[in-house]
Structure formats: C-alpha cells, structure tokens
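Have a look at the structure below, then the notes.
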Amino acid sequence: MSILVGNDTRVLVQGITGNEGQFHTRQMRDYGTKIVAGVTPGKGGQDVDGTPVFDTVSEGVAQTGANASIIFVPPAFSADAILEAAEAGIELIVCLTEGIPVNDMLAIRKHLDSVGIKLIGPNTPGLISPGKCKLGVMAGYIHQPGHIGIISRSGTLTYEVVHQLTSLGIGQSTCVGIGGDQIIGLSFSDLLLLFEQDPDTKGIILIGEIGGSAEEEAAQVIADHISKPVVAFIAGQTAPPGRRMGHAGAIISGGSGTAAAKIEALQSTGVGVAESPAHIGELMAESLIR
Amino acid sequence: MRIHEYQAKQLFAKYGIPVSASNTASTVDEAVSSANALGYPVVVKAQIHAGGRGKGGGIELAKSASQVRDAATRMLGMTLVTPQTGSGGRIVRLLLIESAADIAQELYLGMAIDRGNRAITVMASRAGGVDIEETALRDPDAILKEIVDPFLGLRPFQAFRLAHRLGLPIKTARGVAKFIQSLYRLFCEQDCVLAEINPLAITSDGDPLAIDAKLNLDDNGLFRHPDLRDLRDLNEEDPLEVEATAVNLNYIKLDGTVGCLVNGAGLAMATMDLIKHVGASPANFLDVGGGATAEMIEKGVQILIGDPDVKAVFINIFGGILRCDVLAEGVVAAAKKLSILVPVIVRLEGTNVEQGRRILNESGLSFRTASSLGEAAVMVAAAVGVTS
C-alpha cells in the first residue's frame, strides 16, 4: 500500500510537448508510471513516444480514463491548467510550477476544496510511491519501497532525507513534496491523516521550514489523531526575520513562523525533532525500534 | 518586491485613493522649488525602503523655504538608520515633498495575504501612527479584521462594517469604507501581497487621507505588470544580491564566515542550520536552483569568494535536475579563474555523482570532498577553527 499514487494511477501530462514535459514524461515512464495521455493545446493528434496528445484535458480523460495529472506549464498558464484538470474530473492534480501569483491560488484552493479535488503543490517536486508510481521530477533511484511516509515543503532536502533512509536500509511508502508556496493544496495535516490510515506506513517524517503555521497545525493533528511515530526537521533555524529564503512561503514575519515555535509545538506532542539535518534518518530508525 | 512611498502614492492616485499633493526631489534646489510650488507648510520625507523613518530623522515638517533647504541639505546623502533598517542604515537619495495635512485623527489600515485563512484579510485600528506591531502584540483586540472570501471579493458591507467598528461618525465611516474598497481593488489588480497605510488620517473635515503608503508586490505577479517591474530600486538592495539575481541565483547575505552554495531552498536553509549546529556560522544563503548551468555555478562561487567575510566555502549539492557533473564543471572553472585562498569543502550526491567526483578529483585543485552531510559538517567546523 501507499497513499495517493500507486499501481492504479493513470497519468495525464499537461504540457507534455515542452522540453521539461517530454524529458520527465520519459523519466516517469521508465520508472514504471502509467502515462496514458498528454495535453498541449494545438498539438492534439500528435504523440510523444507513443503517448497520445490531446488539445484539452476533457478529451484526454474521456479517451484514456486518466485519473491524475501532472502540470509542466509556465507560471502564467498554470492556474488555468489546474482548473482545467479539475473541471475534467481529474482526482489528483500535481502542479510543479514555481511562480504562480498567490492571489490566483486563493481562489483555486477554495474551488478545489468545494469540489473535493486533491492538489499537490504548486512549487513541488511531486510525489512518489517507490516501486509503483513516480509523479514528479525526483531521481527515482534514491528511493526504496518500504514503510516510511515523508511529507515535505522542500525538494532537495527531501532527497537528502530519502538518501539517508535508503542508506540505512529503510524504505519509503510514499514521499510527498507539498510545495514551497504560501498557498498550497494538500497540507501536512491532510497527509498525516492519509498516512495514519495507510496500513503499510509504519512511521512518518515531516520536513518543515520557517514561515506560516502549517507545522503548528500539524502538531495539533498529531496530538489528536496520529498513533504512528513521527520524526521532524524544521529548516531555517538560522534564517533572519523578514527575508524570504527562496520559497515564497519561507519568511518569518511579525515574529510568527519561526523555527523555534514550530520545533516547540512538535516536541510538545512527543515528535522527535532532529537538531541537525544530518541525523533525520537515524532519528527515524531509533523511533521505529522504540 | 518593495516599492517607495512616492511610487505607492502614484498608484493610489490612479485608483482615486486620497493623497496630499506632492513632488519628488533629488537635489536641495528641487526640494525648495517643489515646496514653493505646493505652498507651506510641507513635509520633507526621505524615500527609503524601511519604516520608522521619523525616529531616525527622515521626516520633517517645514514652514518656509529656508526650513526646506535645511531639511533637504541634512537628509540628502545621509545614512538613515531606523528600527527597520538594521545598524547599517540606508543612504537617502530621493525626497518626497508633500503638502502638510490638517490631521484630526490617525488610524491604521492594512491588507495582507492571510495564509491561515487562505484569504486576503483587511485590518484596521484606531491606534494609528504608532508602532502597530507592538499594539498587535500587546492588545490584539485593538486590531479589527475582515476576512475576504476569494470568490466574493470584499463586499461593501464589510468595508463599512470595519469603518463603523472604528467608532467613526457615519459620514466619515462612509468615506473610509470607500477608501478601503479602492485600496482593495488596487491590491487585487496590481497583485499586492501587503498594503499598509499608517497613519490613515482623518482630516478636520472628516475625510480620509493616506499620510504614509507601503505596498509590497507579489514577485510572481510581476509578469502581468511590466510597468511595476520598473519600480524596482536596486539602490535599496545589497549589491551582491543584485549581482546574483541578474544570473537567477537566489542569494542573501548573512553575518557569518562560512560561504555556502546549495541547490534548493530547503536544503540551503538546512545547510545553514548544519553549519550553525557545529558551532560555525553561515555567511550567506545561496540557492542555485534546480536548473543551474555551469556558468551559474561559476558565478555563484565568484560571489562567495568576493565576500571578504568568507573564511571557508561549503558546496552542498543533491543532484536531481541539476546534475553533479554540471556542478563540478562550474566549480572547477571558477577555481581556475579565481585565486581561491580559503578551504573549499564539497559534498555531492545524486544524479551523475561519480562523474562529478571524478571531475573534481582530476582537476588538480585541492577540494576537500565529504561523502555525507555529517562528515561535511565536521570538515566545515575544522576549516573555520571551531570544534564540534
């Protein structure tokens, strides 16, 4: 088992004929992901390595039964691409795009909530259920099928943690990058609940960072609903206030969103918080033994 | 992106938001002729990207041409230090000369992207003109709020209710409500992430007037506002940061001694934390991003080496889209062009890691390579002489 993506996931790629879209479509397929359709307006009827290309998402869904989409389109068109996928009946939308205006995301998030469609991202490397389905741009080979769920606001820091786990012989059930923007789709809290219900996930790693209050909310969800061991790391303990640390969401403003407050909230619910990013894997290994 | 008060007020005027008559001046003579044209008294205001200007001597009331001359002479070229600039302060290059207003009451008005509620929130308070952050901490109830539904937008009743809760007379409340709606329209149409008017004055006639104006724009929204992009003032930014931005590197200067170059914002922050954890201190945040080229890496190394505070360089790359061989080529190219006198610790992992390591090893340059984050941390600590 795993969450969100697995052997039944049928993927439609939005922006499949662009450089990024083509490259990562191949990478995902080589990993074993079932890519069933692509969409680029104006290029319907073509194919990319045998995958049929459609002009619209609705057409692609109707012809192929796609149930998930991944978006490789420029920021100016991404908000529309998310809505198009939602209207076409796609159940899980993964938006990798960095640079979507936050004002657009406010309305999109409210709309997706109202129709019950799941969004991962934007500004995420995607998600992967090792050995089953890779719906993103992460390097597949660092992963190993197993029983640890990872939820992260970061990309490469997640790779680092996966690498630490795999090096210790600990596999992963599903690794989800929730995205580095201010307004995103599924949150830490949503994913914690999904991992709690997944019988194959034995432990959860939460990788947070400064800015916002998602980690504090996650701490409350862990206290109320999560029985599995949770280990966390919060990036940005040394970041100065008022400066945006790369991600749109990573900014300490008006004294809120500090690493210290997040670490305290998590520790108070019994979550093991790694002090150094070099020790996250080891800490998870220890919590599994306990 | 931050913009100046005078730029924000020009946008306000376009949206019918009341502001006083004003002109900018970059010389003393310009300041005096602007003031003469406006009529006295005027307020002379230093234009820098930081609040608290009054406390540092950056805002002054002038009742005559000679007072304007004195104020402008003192301010132009001064290093203005305010509670928000840090100890280094900012150099004043431009003044705003504005007709002094007849102020009966000072309010606070703000709008921001509220992550918790996933909405724009409008905030107002009777405690305008003072440190609103302190008021918010001391007495959160003094800040009144209206949360805007993203589907419905700010409704007229919400704007009026907010003004009414401020305890204003009906006529003034109507005027303030209209002011709030105009500001909301600007906020949405121009892709703002923060707007603050502190103080929002009520004149003796009972009308609202924006005395100060702070607008932060969404960097991600600038693609649909080419005119706003031109409002950026590079003088207000760290020169190394400007240099980095020009080649799409995300660089922020900090006050430590370990220069770091990392791919990905999360890993870059974690690398700073790792450095701190072993008792050293990061000299910067530098995220080269996912799609970095060898040229960008070379430029990044050059920026680190160019910082006199840097005593050691730590390159931490987890290759994904950015391949380790591309990274290694960039580092070697930079090292061959520049004389690097500080130790360089490199930790590579991920896509094409073996090729990357081979390029570094065969370059004949003295890099210290680490095979894990833990090992790298120990090497960094040793390089700057702290014991972990």
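Check whether at least one residue in segment B:69-85 is out of contact with any helix residue (DSSP H, G or I) (no Cβ under 6 Å at 6 or more places or on another chain), among the hydroxyl-bearing types (Ser, Thr, Tyr) and over 22 Å from B:Lys214 (Cα atoms), and report yes or no. No: zero hits. For segment B:100-143, the set of residues classified as more than 23 Å from the chain's Cα centre (by Cα), open to solvent by 40 Å² or more (accessible area, probe 1.4 Å) and at pLDDT below 90 consists of B:Arg138, B:Asp139, B:Pro140, B:Asp141, listed by residue number.
Taking (1) crowded, with 24+ Cβ neighbours inside 10 Å; (2) within 16 Å of A:Leu157 (Cα to Cα); (3) not hydrophobic (A, V, I, L, M, F, W, C) in turn, A:Gly257 satisfies each apart from (2). Looking at segment B:85-98 only, could you name the residues that are over 20 Å from B:Thr27 (Cβ atoms) and surrounded by 17 or more Cβ atoms within 10 Å (Cβ to Cβ)? The answer is B:Thr85, and nothing else. With respect to the stated conditions, B:Phe160 fails to be open to solvent by less than 10 Å² (accessible area, probe 1.4 Å), more than 30 Å from B:Lys63 (Cα to Cα) and assigned to a helix (DSSP H, G or I). Selection over segment A:212-227 of residues that are assigned to a loop (DSSP other than H, G, I, E, B) and either out of contact with any Lys or Arg (no Cβ under 8 Å at 6 or more places or on another chain) or of a type in the set (A, V, I, L, M, F, W, C) (or both) gives a count of 2.
Listed by position, the strands (runs of 3 or more DSSP E) enclosed by segment A:96-178 that each have at least 1 residues that are more than 10 Å from chain B (Cβ to nearest Cβ) and open to solvent by 30 Å² or more (accessible area, probe 1.4 Å) are A:118-120, A:145-152.
Test A:Glu282 against the stated conditions and say whether it is under 26 Å from B:Met379 (Cβ atoms) and more than 12 Å from every other protein chain (Cβ to nearest Cβ). In short, no. Of the residues making up segment B:187-208, those that are away from chain A (no Cβ under 14 Å) and part of a loop (DSSP other than H, G, I, E, B) are B:Ser204, B:Asp205, B:Gly206, B:Asp207. Might you check whether a residue that is more than 19 Å from the chain's Cα centre (by Cα), over 28 Å from B:Glu237 (Cα atoms) and in contact (Cβ under 8 Å) with a residue 24 or more places away in the chain occurs anywhere in segment A:228-235? Yes: one or more hits. In segment B:281-338, which residue that is within 18 Å of B:Ala383 (Cα to Cα) and within 14 Å of chain A (Cβ to nearest Cβ) is most open to solvent (accessible area, probe 1.4 Å)? If we take residues in segment B:281-338 being within 18 Å of B:Ala383 (Cα to Cα) and within 14 Å of chain A (Cβ to nearest Cβ), then B:Ser281 is most open to solvent (accessible area, probe 1.4 Å).
Checking each residue in segment A:189-198 for being open to solvent by less than 10 Å² (accessible area, probe 1.4 Å) and touching a Lys or Arg at 6+ places or on another chain (Cβ under 8 Å) picks out only A:Phe195. Here B:Tyr184 clears all of (1) part of a helix (DSSP H, G or I); (2) surrounded by fewer than 21 Cβ atoms within 10 Å (Cβ to Cβ); (3) in contact (Cβ under 8 Å) with a residue 60 or more places away in the chain except the condition numbered (2). Within segment B:34-57, residues that are assigned to a loop (DSSP other than H, G, I, E, B) and at pLDDT 95 or above have Cβ atoms under 6 Å from residues that are open to solvent by 10 Å² or more (accessible area, probe 1.4 Å) and among the small types (Gly, Ala, Ser) in these pairs: B:Pro41/B:Ala100, counting only partners at least 6 apart in sequence or on another chain.
Checking A:Ile184, A:Ile263 one by one, the residue that is under 23 Å from A:Gly155 (Cβ atoms), in contact with a Lys or Arg (Cβ under 9 Å, 6 or more places away or on another chain) and either of a type outside the set (A, V, I, L, M, F, W, C) or open to solvent by less than 40 Å² (accessible area, probe 1.4 Å) (or both) is A:Ile184 and no other.
Considering each of B:Val346, B:Val353 in turn, give the residue that is away from every other protein chain (no Cβ under 14 Å) and within 17 Å of A:Glu160 (Cα to Cα). Residue meeting the stated conditions: B:Val346. Taking segment B:209-223 as the range and being touching a Ser or Thr at 6+ places or on another chain (Cβ under 8 Å) and at the interface with another protein chain (Cβ under 10 Å from one of its Cβ atoms) as the test, no residue passes.
Against the test of being within 8 Å of another protein chain (Cβ to nearest Cβ), hydroxyl-bearing (Ser, Thr, Tyr) and within 25 Å of A:Pro125 (Cβ to Cβ), the options A:Thr238, A:Thr201 yield a single qualifying residue, A:Thr238.
The values are calculated or read from the model by the stated rules, or taken from the named source; none is laboratory data. Note that the structure is predicted; figures quoted are calculated from it, not measured. Cβ: placed from backbone, ideal geometry, glycine included. Neighbour counts: every protein chain shown. These area figures cover heavy atoms from the full protein model, side chains too; ligands, DNA and RNA do not enter into them. Shrake-Rupley method; radii C 1.70, N 1.55, O 1.52, S 1.80 Å.
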